[in-house]
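Notes follow the structure.
The values are calculated or read from the model by the stated rules, or taken from the named source; none is laboratory data. Predicted model, so just to flag it, every value in this text is computed and none were measured. All Cβ positions, even for glycine, are placed from backbone atoms using ideal geometry, and neighbour counts span all protein chains on display. Quick note on the areas: whole protein, heavy atoms, side chains included, nothing else; ligands and nucleic acids left out. Shrake-Rupley method; radii C 1.70, N 1.55, O 1.52, S 1.80 Å.
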Amino acid sequence: MRDYYSVLGVSHTASLSEIRRAYRKKAKLLHPDITHSESDAFRELVQAYETLSDLKARSLFDEAFSFRSSSASSHSHTSFDYRKWLLERGDEESYAKLILFDLTHNAEEEAVRTFKNMNMKNSNFRLSYWFGHEDFMDLGFILAEELVLRREFYDAVILLDQIMRMEFKYNYFKFFFVEVQDLMRHILRNNIEGIISDELAIDSWERGLDLKFGKKDESFFLVKMADAYERIGDPRTAAICRDESVRIAS
């Protein structure tokens, strides 16, 4: 059996975020939709990803190959602490890079905390400003998944909205885009109503209307918006939403 870390091109101490990112990058070169045939290399890549992205399977694989965290311990003795340096700088660019650093060094909780803190300090904070669109789209999707795990649904919606709009422009994710769409659709359908405020819920569903989900989803979002408008005491706008929902559905 091959070293799956080498197959993905990551270190033996790679975080799950690094593994996901490496898999998507390599799969876009080897995927059958690109090569028009399912090669042994692609099957091996999928097997490597499935093994290393599963905590139990990865542990068994590491044990079988006797991998140790020597590289991690050697890094701890280096004289320059990049993470500490970023924290001490304290500017927005440094915090954006800190989020990326933590996501790729098994510190997802810290990455989410920094992202939340920056959003609270500055509502105009944008990760996309500090990274190229490819890095941001990879980083943003990984961060959105971590936000969902922690039930930070509105923040996830904001990130996914930015990523989806970029995808329409750049076509970066290609066949992986369905994963982004499915995550956003699931949040809008299942993790908004009754979980966040009606005002934020309306904003989330309005974003969904612009993201090309199709008539069935658009009709659903409009009905939910109508319900929310009624709860906040705006029956006129609620009626407009219901009428539009009926028009789209028919």
For the ranges 45-52, 146-153, what's the packing order if you count other beta-carbon atoms within 10 Å of each residue, average per peptide, and put the highest first? 45-52, 146-153
Please compute the length gained on full extension between TYR170 and TYR82, using 0.36 nm multiplied by the number of residues separating them and subtracting their Cα-Cα distance. 28.5 nm
Tell me, what is the FRET efficiency for GLU63 and ASP40 to the nearest 0.05, using R0 = 30 angstrom and their Cβ-Cβ distance as r? 0.70
Taking only protein heavy atoms and a 1.4 Å probe, what accessible area per residue, in Å², does the chain have with all protein chains in place? 54
Value at 222 nm in deg cm²/dmol, rounded to 500, when DSSP H runs of n ≥ 4 in the chain each add -39,500 (n - 2.57): -22500 deg cm²/dmol
So how tilted is helix 198-209 from the main axis of the chain? Cα-based, degrees 0 to 90, rounded to 10. 80
How many angstrom lie between the C-alpha centres of segment 1-25 and segment 190-213? 35
Prolate/oblate/rounded call for segment 130-173, Cα gyration tensor, a/c under 1.5 rounded: prolate
Where does segment 112-250 land on the Kirkwood hydrodynamic radius, alpha-carbon pairs, in angstrom? 15.7
Can you tell me the length gained on complete extension of the stretch ARG247 to ASN190, counting 0.36 nm per residue apart and subtracting the Cα distance? 18.2 nm
Formal net charge of residues neighbouring LEU86 (Cβ-Cβ distance under 12 Å; K, R +1; D, E -1): -3
What is the dipole size for the chain, taken about its Cα centre, with +1 at each Lys and Arg Cβ and -1 at each Asp and Glu Cβ, in debye to the nearest 20? 240
Extension reserve of the ALA239-LYS56 stretch, reckoned as 0.36 nm per residue once the Cα distance is removed: 60.7 nm
Share of accessible surface on carbon and sulfur in the chain, whole %, 1.4 Å probe and ligands ignored, is 51
Net charge near TRP130: determine it from the other residues with C-beta under 11 Å of the C-beta of TRP130, scoring Lys and Arg +1 and Asp and Glu -1. -2
The lysines whose Cα lies under 25 Å from the Cα of LYS215, excluding any fewer than 8 residues away in the same chain, are LYS169, LYS174, LYS224
Cα extents of segment 47-206 along the principal axes, largest first, in whole Å, come to 50, 40, 33
